[in-house]
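Peer 1: Pasting a structure here, questions to come.
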Amino acid sequence: MIRILPAFLSALLIIPCHAAGPRGAMPNPDFTKGDPIPEGARHDWTLGATGMRGWMFSDKLETSDARQISITIVDKGSPADGILAVGDVILGVAGKKFSYDPRTEFGKALTAAEEKSGELSLIAWKAGKEQTVSLKLPVLGAYSATAPFDCPKSALILKQGCTALAERMGEPGYERQSPITRSLNALALLAGGNPQHLPLVKREAEWAAGFSDEGMATWYYGYVITLLAEYHMATGDDSVKPGLRRLAMEAATGQSIVGSWGHKFAGGDGRLVGYGMMNAPGVPLTTSLVLARKAGVNDPEISMAIERSMKLLRFYVGKGSIPYGDHAPWMENHDDNGKNGMAAVLFNILDETAGAEYFSRMSLACHGNERDTGHTGNFWNMTWAVPGIVQSGPHATGAWMKEFGAWSFDLARRWDGAFPHQGPPEKDGDSTRGWDATGAYLLAYAMPLKKTVLTGKRPSIVPQLDPKEAASIINDGKGWSNKNRFAAYDALAGDELLECLGSWSPVVRNRAAMAIARRKDRKATVPALIALLGSTSLETRYGACEALTKLGGDAAPALPALRNLLKEKDMWLRVEAAEALAAIGQPAMATLPDLLTMLAVGPTKEDPRGMEQRYLSFAVFGTMLRQASLEGVDKDLLFRAVTAGLKNEDGRARGSIGSVYRKLSHSEIEPLLPAVLNAVVHPAPSGIMFADQIRMEGLQILSAHRAEEGIRACADYISLQNPWASEKRTPEILKILLSYGAHAKKVVPDLEKTAATFAAGERGFPKHLSLQKAENLRDAIKTINASTDLPKLTRIQATN
């Protein structure tokens, strides 16, 4: 179970997150003085059941500096109609002017009004003067302490929302909705349990069964497959089974060879294109395949795809949030684009308790400003919040609703019961702007009915939190904001920060470690940190390593203790120790033989993806050896480590090894040439955006040695390279190829074919850039054909 953190963390409740900057002055614009909404500011907000939308000032993903809300829309027939108008300004609620964040204050006032009388009292600037007005909202009652469970208000919101959703789905043009929101809306009606809505759900299931896409397929397929699987399991309607099977198989076979998905399905070589791995579509896709299998779509390809994906995701348990792609654990927030909530659901369905528990707790700790963050917006963070939190039980959902969900959900809910997507406090960067989020929100309110797997039909295997435990985890998510990320932790005493290093939360540990490194007496903490390295708590040892890493050279006295940790059983503890040693710098070079020996091992049964090797590569090649000389380094051991590291499936890990290439003389690097060539010919299957670095460096080395194999490697690379940034890379490869002189004539026919392919246009790549590459190739062909230079070539053999 989750460890209860000490009471001193209540300090995080009261330290202002926006302490920096003046607090007395009203932020611009001042609407009472006639200032307009800034040009280009598009983000206004649904103002709950009032029937209004309003714009407020935001900065760095926060509305905490705003003190006014300018009304932008008033719906006819709504509670605000005839009382307030577009251009009026809201200055406060319940007799008090806004003092810390109008968005939060207005949301809480909505919740309070709906609880008892329905009266919402507002301080408004209207007709050039300040006055008090009152709106009458429907009375829904209070949220229960376990909302949405045992909560009449939640039940009313679900009923009203499903009615509004059904009406919306019957309107002309509804089919133009995003396949994601369309699927979520249908899932919400299915989860709502009203038999009268089943014909609409059936219609949507029939659409889903025929769905196909070649663009952003991975984003859509996860939600469409989930709808089909849930619908089939709930109704037994076999008519959608063929479509479900087709989509599931397309998704499974479109997975990369390492178990990931990107914007699109993988290419014929099993590698992703463009950005590479993306977990935001990948985790829902995995969940959808698990649900498809439960719905009776059994195929070895599907089971294999699920297991490959789980190998990726299991790694992050206990280490941080699931990141954007095949990256290090995300340490900034307790969730990232809702992926922890997604994972909590997925791990629970697969009966993997440790992962389900951890990711559910991370979801619970993510609220307030953390929930507003997210790549391209906060839609995913909001959609997957409650589905993830609910795995930890009603007291968990109740605590989260009390802290954040109640006011933010009430603010988002229109007077007709629908939920337009609110988005984060920014004017740009929200790719889901304008989406209908009604289904996403209603899934949270439908949890008590347990009508679908996604909404709890299958009981949670996670240990259920009691109120005290839930409140403690909520507390762990406090003390951070986009405008001031440090004040709360910097206010803690040294012993309090040391206590935080033992938190269950990697984010809390990381924030405490950073705060320790910012202290003036940072060196004085080293003895205590060394003592913590011997703790019986694995989390405390992690935290101590992180703090020592951030202390850098000041942590040198911890070197012997850190070196001992390299022999520990826990893989992540070994990695954390290695990173701390690398950060110490020159004094830690004595540990290089230990680290190189570990690097030479590579993937194991316990670490099938070679994650330890990956992070050791970053520590050793990316940090320790980047600046240090290789003088005195055991070359045989170094070469074994390099050869093993160049086989790691992560492109960024391989790329870090380039620091060694540049430090070896022409003759010294010769024994490594087979491994260098192999890393060029066989690109890393993951970390696609970073896989080109080591390949380019390898081609340079092969050219310097006049290795004949480099000619074919250059030609193949140009033809088969990742289009991402290829317009910059192609001239560089051609420059290397030209160094072979007339020897390159043997690949001219291949270059001509590639030039023709580029000239015809590459799918998903800008036409003008393809034409530019074609021109580069044709110029190079002319130079090669005119060349008479025949440098003496050597031959090497690639390793397996």
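The values are calculated or read from the model by the stated rules, or taken from the named source; none is laboratory data. The structure displayed is predicted, hence computed values, not measured ones. Glycine gets a Cβ as well: all are built from the backbone with ideal geometry, and neighbour counts include every protein chain shown. Please note that ligands, DNA and RNA were not included when accessible areas were found on the heavy atoms of the full protein model with its side chains. Shrake-Rupley method; radii C 1.70, N 1.55, O 1.52, S 1.80 Å.
Peer 1: Charges on Cβ only, +1 for Lys and Arg, -1 for Asp and Glu, centred on the Cα centroid of the chain; of LEU442, ALA155, LEU559, which one is farthest towards the dipole's positive end?
Peer 2: Result: LEU559, furthest along the dipole toward the positive end.
Peer 1: So which GluC sites (Glu not before Pro) in the stretch 523-627 pass both tests, a DSSP loop state and at most 15 other Cβ atoms within 10 Å of the Cβ?
Peer 2: Working: sites: GLU539, GLU546, GLU568, GLU576, GLU579, GLU606, GLU612; in loops: GLU568, GLU606.
Those that pass, being in a loop and sparsely packed, are GLU568, GLU606.
Peer 1: Could you work out, for the stretch 348-421, what percent of all Cα-Cα pairs fall into each 10 Å distance bin, beginning at 0 Å and stopping at the bin that holds the largest distance?
Peer 2: 19, 48, 28, 5, 0
Peer 1: Still on this model: How large is ³J(HN,Hα), in whole Hz, for each residue of the stretch 660-672 in order, when computed from phi with the Karplus curve 6.51 cos²θ - 1.76 cosθ + 1.60 and θ = phi - 60°, using x for Gly and Pro?
Peer 2: Working through the residues one at a time gives 6, 3, 6, 9, 9, 6, 4, 7, 5, 7, 3, x, 8 Hz.
Peer 1: Enumerate the aspartates and glutamates that LYS567 could reach by cross-link, defined here as Cα to Cα under 18 Å, with residues fewer than 8 away along the same chain left out.
Peer 2: Within the straight-line cut-off, LYS567 pairs with GLU539, GLU546, GLU576, GLU579, ASP594, GLU606, ASP607, GLU612.
Peer 1: For GLU119, list long-range residues whose amide hydrogen, built 1.01 Å from N in the peptide plane, is under 5 Å from its own amide hydrogen.
Peer 2: LEU137
Peer 1: State which entries of LYS241/LYS457; LYS60/LYS153; LYS311/LYS767; LYS605/LYS735; LYS60/LYS402 exceed 32 angstrom in Cα-Cα distance in the structure shown.
Peer 2: Values: LYS241/LYS457 21 Å; LYS60/LYS153 34 Å; LYS311/LYS767 38 Å; LYS605/LYS735 42 Å; LYS60/LYS402 25 Å.
Distance filter (> 32 Å) returns LYS60/LYS153; LYS311/LYS767; LYS605/LYS735.
Peer 1: Work out the charge dipole of the chain with +1 on the Cβ of Lys and Arg and -1 on the Cβ of Asp and Glu about the Cα centre, then indicate which of GLY192, ALA619, PRO179 is farthest towards its positive end.
Peer 2: With unit charges placed on the Cβ atoms, the residue in question is ALA619.
Peer 1: State to the nearest 20 debye the size of the charge dipole of the chain about its Cα centre, where the only charges are +1 on K and R beta carbons and -1 on D and E beta carbons.
Peer 2: Values: 90 positive and 87 negative charges, 89 e Å.
Roughly 420 debye, rounded to the nearest 20.
Peer 1: On to the next question. How many times 2.2 N^0.38 Å is the alpha carbon radius of gyration of the stretch 690-768?
Peer 2: Details: Rg = 12.5 Å, N = 79, 2.2 N^0.38 = 11.6 Å.
Cα-based Rg divided by the globular estimate yields 1.08.
Peer 1: Return the long-range amide H neighbours of ALA707 (sequence gap of 5 or more, or a different chain), with a cut-off of under 5 Å between placed amide H atoms.
Peer 2: Those qualifying (amide H under 5 Å, at least 5 residues apart or on another chain) are THR794.
Peer 1: Report, in debye and to the nearest 20, how large the dipole of the stretch 27-168 comes out about its Cα centre when Lys and Arg carry +1 and Asp and Glu carry -1 on their Cβ.
Peer 2: 220 debye
Peer 1: Label the stretch 147-300 by shape, choosing from rounded, prolate and oblate, from the square roots a ≥ b ≥ c of the eigenvalues of the Cα gyration tensor; if a/c is under 1.5 it is rounded, and otherwise prolate applies when a/b is larger than b/c, oblate when it is not. Numbers along the way, then the final one.
Peer 2: On the way: a/c = 1.93, a/b = 1.81, b/c = 1.07.
Judged from the Cα gyration tensor, the stretch 147-300 comes out prolate (a/c at least 1.5, a/b above b/c).
Peer 1: For LYS745 paired with ASN785, estimate the spin-label separation in nm (one decimal), with each label point 7 Å from Cα along the Cα-to-Cβ line.
Peer 2: For the pair LYS745/ASN785, the computed spacing is 1.2 nm.
Peer 1: Per the Kirkwood definition applied to all pairs of different Cα atoms, how many angstroms is the hydrodynamic radius of the stretch 72-164? Working shown, then result.
Peer 2: Numbers: mean 1/r = 0.0689 Å⁻¹.
Its Kirkwood hydrodynamic radius stands at 14.5 Å.
Peer 1: Could I ask something else about it? What list of ³J(HN,Hα) values in whole Hz, one per residue of the stretch 258-270 in order, does the Karplus curve 6.51 cos²θ - 1.76 cosθ + 1.60 (θ = phi - 60°) give from phi, with Gly and Pro shown as x?
Peer 2: Values, residue by residue: 9, x, 10, 10, x, 4, 10, 6, 5, x, x, 8, x Hz.
Peer 1: About its Cα centre, what dipole magnitude does the stretch 726-800 give when the only charges are +1 on Lys and Arg Cβ and -1 on Asp and Glu Cβ, stated in debye to the nearest 20? Don't jump to the answer; show the numbers that get you there.
Peer 2: Values: 13 positive and 8 negative charges, 27 e Å.
For the stretch 726-800, the charge dipole is close to 140 debye.
Peer 1: From the mean inverse distance of alpha carbon pairs (Kirkwood) and the Cα radius of gyration, derive Rg over Rh for the stretch 374-460.
Peer 2: Details: Rg = 13.3 Å, Rh = 13.6 Å.
When Rh is taken as the Kirkwood radius, the ratio is 0.98.
Peer 1: What pairs from LYS33/LYS97; LYS129/LYS483; LYS647/LYS745; LYS159/LYS294 go past 21 Å between their alpha carbons? Spell out each step's value before the answer.
Peer 2: On the way: LYS33/LYS97 17 Å; LYS129/LYS483 33 Å; LYS647/LYS745 31 Å; LYS159/LYS294 29 Å.
Cα-Cα > 21 Å for LYS129/LYS483; LYS647/LYS745; LYS159/LYS294; rest within.
Peer 1: As an exercise, use a Förster radius of 51 Å and the Cβ-Cβ distance of GLU668 and ARG458 to find the FRET efficiency, rounded to the nearest 0.05.
Peer 2: Values: r = 59 Å, r/R0 = 1.16.
The formula returns an efficiency of 0.30 here.
Peer 1: Among all the aspartates and glutamates, which ones have a C-alpha under 16 Å from LYS468's C-alpha, if same-chain residues fewer than 8 places away are not counted?
Peer 2: List returned: GLU403, ASP476.
Peer 1: Bins of 10 Å, beginning at zero and ending with the bin holding the largest distance: percent of Cα pairs per bin for the stretch 216-327, please.
Peer 2: With a bin width of 10 Å, the distribution comes to 16, 48, 29, 7, 0.
Peer 1: Excluding residues on the same chain fewer than 8 positions from LYS76, give the aspartates and glutamates whose Cα lies under 17 Å from its Cα.
Peer 2: ASP88, ASP416
Peer 1: To continue, here is another question. Let me know the shape class of the stretch 134-214, please: from the alpha-carbon gyration tensor, a ≥ b ≥ c as square roots of the eigenvalues, rounded when a/c is under 1.5, otherwise prolate if a/b is greater than b/c, or oblate. Mind showing how you got there, number by number?
Peer 2: On the way: a/c = 2.49, a/b = 1.99, b/c = 1.25.
Prolate.
Peer 1: Which value, to two decimals, describes the C-alpha radius of gyration of the stretch 416-562 once divided by 2.2 N^0.38 Å? Walk me through the numbers before you get to the answer.
Peer 2: Details: Rg = 21.1 Å, N = 147, 2.2 N^0.38 = 14.7 Å.
Relative to the 2.2 N^0.38 Å estimate, the stretch 416-562 comes out at 1.44.
Peer 1: Along the charge dipole of the chain, which of LEU312, SER260, ALA580 sits closest to the positive end, that is, farthest toward it, with unit charges on the beta carbon of Lys, Arg, Asp and Glu (+1, +1, -1, -1)?
Peer 2: ALA580
Peer 1: So, in nm, how far is label LEU637 from label LYS159 when the simple model puts each one 7 Å beyond its Cα toward the Cβ?
Peer 2: With each label point 7 Å from Cα toward Cβ, the separation is 7.3 nm.
Peer 1: In addition: If I stretch the segment between THR794 and GLU206 completely, what's the gain in nm (0.36 nm per residue apart, minus their alpha carbon distance), one decimal? It would help to have the intermediate numbers written out before the result.
Peer 2: Numbers: separation 588, 0.36 × 588 = 211.68 nm, distance 6.25 nm.
Computed gain between THR794 and GLU206 is 205.4 nm.
Peer 1: Let me ask something additional. Give the Kirkwood hydrodynamic radius (Å, one decimal) of the chain, defined as one over the mean of 1/r across all pairs of different Cα atoms.
Peer 2: On the way: mean 1/r = 0.0347 Å⁻¹.
When all Cα pairs of the chain are included, the Kirkwood radius is 28.8 Å.
Peer 1: Grab the eigenvalues of the alpha-carbon gyration tensor for the stretch 247-299, scale each by 5, take roots, and send me the semi-axes largest first in whole angstrom. Don't skip to the answer; put the middle values down first.
Peer 2: On the way: eigenvalues 82, 28, 10 Å².
Those come to 20, 12, 7 Å.
Peer 1: Grab the Cα-Cα distance for SER537 and ARG314, subtract it from 0.36 nm times how many residues apart they are, and report the gain in nm with one decimal. Numbers along the way, then the final one.
Peer 2: Numbers: separation 223, 0.36 × 223 = 80.28 nm, distance 2.07 nm.
Here the answer is 78.2 nm.
Peer 1: Hey, with R₀ at 51 Å, roughly what FRET efficiency would SER719 and ASP594 work out to, going by the Cβ-Cβ distance, to 0.05?
Peer 2: For R0 = 51 Å, the calculated efficiency reads 0.75.
Peer 1: For ARG518 paired with ALA756, estimate the spin-label separation in nm (one decimal), with each label point 7 Å from Cα along the Cα-to-Cβ line.
Peer 2: In this crude label model, ARG518 to ALA756 measures out at 6.2 nm.
Peer 1: Taking Rh as the Kirkwood radius, which is the inverse of the mean 1/r over Cα pairs, what is the Rg/Rh value for the stretch 528-645?
Peer 2: Working: Rg = 13.5 Å, Rh = 14.2 Å.
Over the Cα atoms of the stretch 528-645, Rg/Rh equals 0.96.
Peer 1: Further, regarding this structure: How large is the accessible surface per residue of the chain, computed with a 1.4 Å probe and reported in Å² as a whole number?
Peer 2: Working: 30300 Å² over 800 residues.
Per residue, the chain has an accessible area of 38 Å².
Peer 1: Same structure again: Accessible area of PHE404, 1.4 Å probe, to the nearest 10 Å²?
Peer 2: The accessible area comes out at roughly 10 Å².
Peer 1: Counting pairs of alpha carbon atoms under 8 Å apart in space and at least six apart in sequence, what relative contact order in percent does the stretch 618-744 give? Numbers along the way, then the final one.
Peer 2: On the way: 129 pairs, mean separation 28.5, N = 127.
Result for the stretch 618-744 is 22 percent.
Peer 1: DSSP H helices in the chain with Cα extent of 24 Å or more along the helix axis and mean Kyte-Doolittle hydropathy at least -1.0? Walk me through the numbers before you get to the answer.
Peer 2: Details: long enough: 152-169 (25 Å, 0.16); 217-235 (26 Å, 0.44); 767-786 (29 Å, -0.63).
The answer, listed by residue number, is 152-169, 217-235, 767-786.
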